[in-house]
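The values are calculated or read from the model by the stated rules, or taken from the named source; none is laboratory data. Treat the numbers as computed from the prediction; the structure is a model and nothing was measured. Virtual Cβ from ideal backbone geometry, glycine too; neighbours counted across all protein chains shown.
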Amino acid sequence: MEANSRPLMRIFEPTVSYQIPLFQRPYVWRREDNWQPLWDDLERLLGLALAGQRLRPHFLGAVVLEQVYDATGWVQRRQVIDGQQRFTTLQLLLIALRDLCRSQGSERYCERFDSLVSNRAALVDKAEDIRKLLPTNFDRQAYARVHEAGSPDALLAQLEEEGEAVDPEQGILGAYLYFHEQFADWLAQPLAERGYRERENRLEALWAVAQKGLQLVVIELGEHDEAQVIFETLNARGTQLLPADLIKNLLFRRAQDEGDDIDLLYRTYWAQFDGEFWREETRQGRDSRPRIDIFIRHFLTLAMRHDIRFVHLFEEYKQYVQYTDDWRSCLIGEATSAREHLALLAEYAEHFREFASPAPGSHLARFLKRLEAVDTSTLHPLLLLLCSQHLRPQQEDEFEAILDVLESFLFRRMICGLTSKNYSRLFLDLIRHLENQGSITARAVEHFLLASEGEGARFPTDAELKRAILDQPLYQWWPQYRVRTVLEALDAALGNAASEADSPLAIEHILPQKWDDHWPVPKALHKNPQGKQAFIEQRDRLKHTLGNLTLIAGSLNPALSRSPWEVKKAELLKCSQPGLSRELHAVEDWAEREILARGEVLAEVACGVWRYPVGEA
């Protein structure tokens with residue numbers, strides 16, 4: 001391995017093709033975090049060059065290159081093992097400078113900058129070798145467009161004709177447009193000092209900075225250097241590379257060593273993972289994570305049968321691939337070669353993608369929507385397994401039956417106030433149990449959950465569920481989204497098919513939270529302080545139980561919400577959900593007895609919605 005500090009001229013002037021392996025991540029640098037700081041450095045250097053001061057080389061970081069053998073020998077080929085983001089950015093800003101010089105009518109400087117981004121046509125055999133940089137497949141088309149367009153206007157016209165948009169904050173196209181705009185604005189600024197040949201001096205300053213002002217440390221790998229080990233060492237700790245990017249690099253290097261067609265593997269199995277959907281950050285517990293890393297965590301938890309932390313994601317996956325025989329499972333599928341590992345990831349990714357956008361109105365869509373109220377992701381490895389085994393027409397009924405069992409278990413425990421802290425271990429034990437059974441059925445899931453003991457795992461009975469609904473002030477204990485989910489489920493079970501639609505519904509207390517004006521304490525208790533206090537405490541508890549809660553479209557104004565029962569009843573019947581308001585029609589008064597009576601009705605409904613396994617109570 002050799003490391004040398006080199007100016008851009010030395011790096012880009014030869015007839016060379018710098019190839020970014022397709023198994024590396026796409027171009028991800030952004031305006032605020034990356035382009036703007038680089039431009040600030042460039043602007044400072046340009047000011048020094050324009051003033052005739054000595055340019056001290058500005059260090060841009062390091063790149064790691066690996067030589068690729070080429071039998072023709074005309075084009076030197078290097079793989080960019082590390083540093084592809086800055087390498088790509090430098091080429092884009094040099095292309096912007098080339099096009100800017102052309103627009104200024106300066107062929108001399110245009111040719112100079114072009115020599116740093118293009119090889120002579122007479123010296124290359126492949127059209128793609130005209131460009132000195134060959135990005136990863138995901139960015140290749142965009143980069144070719146920038147290289148060939150000749151100007152921002154021509155590029156934007158081409159994109160408009162093809163119906164494509166540009167994100168000015170990120171991406172290949174955005175970077176080119178950003179740097180072209182910055183250089184053009186700088187070139188157009190008036191000089192503070194008279195006497196300079198303004199345009200020529202500024203063009204010369206641009207060339208001086210590109211020629212002598214910017215340097216990279218270039219690390220050239222030797223024949224016996226392990227590129228993958230070096231890549232991991234440089235990137236696995238504390239950088240912005242996703243664990244998924246390291247996993248991609250690991251699998252494709254292995255595929256390359258196995259003699260597989262990596263271009264075909266990329267198109268077939270991995271290309272989707274470089275898209276926006278998988279890179280989008282989504283909520284996972286307290287943090288936001290890219291969706292691809294969340295998926296791989298759940299997949300790996302399923303494959304290895306233990307909980308995986310994000311901080312250890314790459315190392316755990318690397319171990320899984322290296323010792324795959326130890327983790328191989330008849331349930332998840334077998335994989336030994338890189339191709340098989342990629343195929344397995346792609347297969348399970350389809351199931352995970354369905355979690356983000358399940359078929360509207362499907363059993364899975366309803367389950368996932370309700371699962372948000374439980375606020376746990378520990379079920380996702382099991383869901384991946386279930387989807388891989390049961391999402392086929394002939395097994396759809398069994399799949400839905402398992403979802404019902406899981407929902408009943410989770411909602412009964414949630415309503416009864418039982419802990420969720422042991423769910424990760426519990427559901428991994430369930431996966432092992434199903435593996436030992438050799439098949440996945442609703443009955444097998446029921447038997448396992450019913451056999452689980454202790455506060456962290458037991459299946460609450462009907463009596464416990466009813467007692468919690470009648471007695472527990474759930475509105476006071478829970479976030480509103482959880483109360484709303486339970487009420488929507490009960491309303492749907494009472495015959496309101498539209499209850500769980502996306503239209504916003506507000507939670508309304510039938511007996512108001514501030515009940516003093518129109519629901520006074522009985523006069524008989526006024527001379528009994530202890531009895532009066534007990535009455536107030538009971539009412540303040542019951543008002544937050546499900547028996548006193550309903551859902552309404554919109555919201556009642558505070559005065560109407562606290563109105564007497566005969567006034568409020570009419571308003572509630574107009575705007576409350578029909579299932580939940582069914583018990584209100586014949587009620588002439590509303591107090592503790594009515595709350596408890598309605599609570600008993602809702603408790604019976606809840607026992608039907610989230611049923612206890614038949615024959616086991």
Is one or more of the residues making up the range 75-93 crowded, with 20+ Cβ neighbours inside 10 Å, in contact with a Gly (Cβ under 9 Å, 6 or more places away or on another chain) and either closer than 23 Å to Ala184 by Cβ or charged (D, E, K, R) (or both)?
-> no
From the residues in the range 371-417 that are under 22 Å from Arg611 (Cβ atoms) and among the hydroxyl-bearing types (Ser, Thr, Tyr), which one is surrounded by the fewest Cβ atoms within 10 Å (Cβ to Cβ)?
-> Thr376
Ala489 fails exactly one of (1) of a type in the set (Gly, Ala, Ser); (2) in a helix (DSSP H, G or I); (3) in contact with a Phe, Trp or Tyr (Cβ under 9 Å, 6 or more places away or on another chain); (4) surrounded by fewer than 16 Cβ atoms within 10 Å (Cβ to Cβ), namely (4)
Select from the range 13-57 the residues that are aromatic (Phe, Trp, Tyr) and part of a helix (DSSP H, G or I) and list them in ascending order.
-> Trp35, Trp39
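Name every residue in the range 278-309 that is touching a helix residue (DSSP H, G or I) at 6+ places or on another chain (Cβ under 7 Å), part of a loop (DSSP other than H, G, I, E, B) and among the charged types (D, E, K, R), in order of residue number.
Glu280, Arg305, Asp307
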Long-range neighbours under 8 Å by Cβ, at least six apart or interchain, first residue in contact (Cβ under 8 Å) with a residue 12 or more places away in the chain and among the basic types (Lys, Arg) within the range 431-450, second surrounded by 15 or more Cβ atoms within 10 Å (Cβ to Cβ) and outside any helix (DSSP H, G or I) = Arg432/Arg305
Inside the range 194-277, counting only helices (runs of 4 or more DSSP H) that do not spill past its ends, which hold 2 or more residues that are modelled with pLDDT of 85 or more and either surrounded by 15 or more Cβ atoms within 10 Å (Cβ to Cβ) or out of contact with any Asp or Glu (no Cβ under 7 Å at 6 or more places or on another chain) (or both)?
-> 198-208, 243-257, 262-265
Between residues in the range 96-121 that are among the hydrophobic types (A, V, I, L, M, F, W, C) and residues that are part of a loop (DSSP other than H, G, I, E, B), which pairs lie under 6 Å by C-beta distance while being six or more apart or on different chains?
-> Val117/Lys132
What about Leu546, is it within 23 Å of Val587 (Cα to Cα) and surrounded by 15 or more Cβ atoms within 10 Å (Cβ to Cβ)?
-> yes
Candidate set: the range 418-447, residues that are charged (D, E, K, R) and part of a helix (DSSP H, G or I); chosen: the one surrounded by the most Cβ atoms within 10 Å (Cβ to Cβ) = Glu446
Count - residues of the range 532-580 that are at pLDDT 85 or above, over 24 Å from Leu465 (Cβ atoms) and not in a helix (DSSP H, G or I) = 1
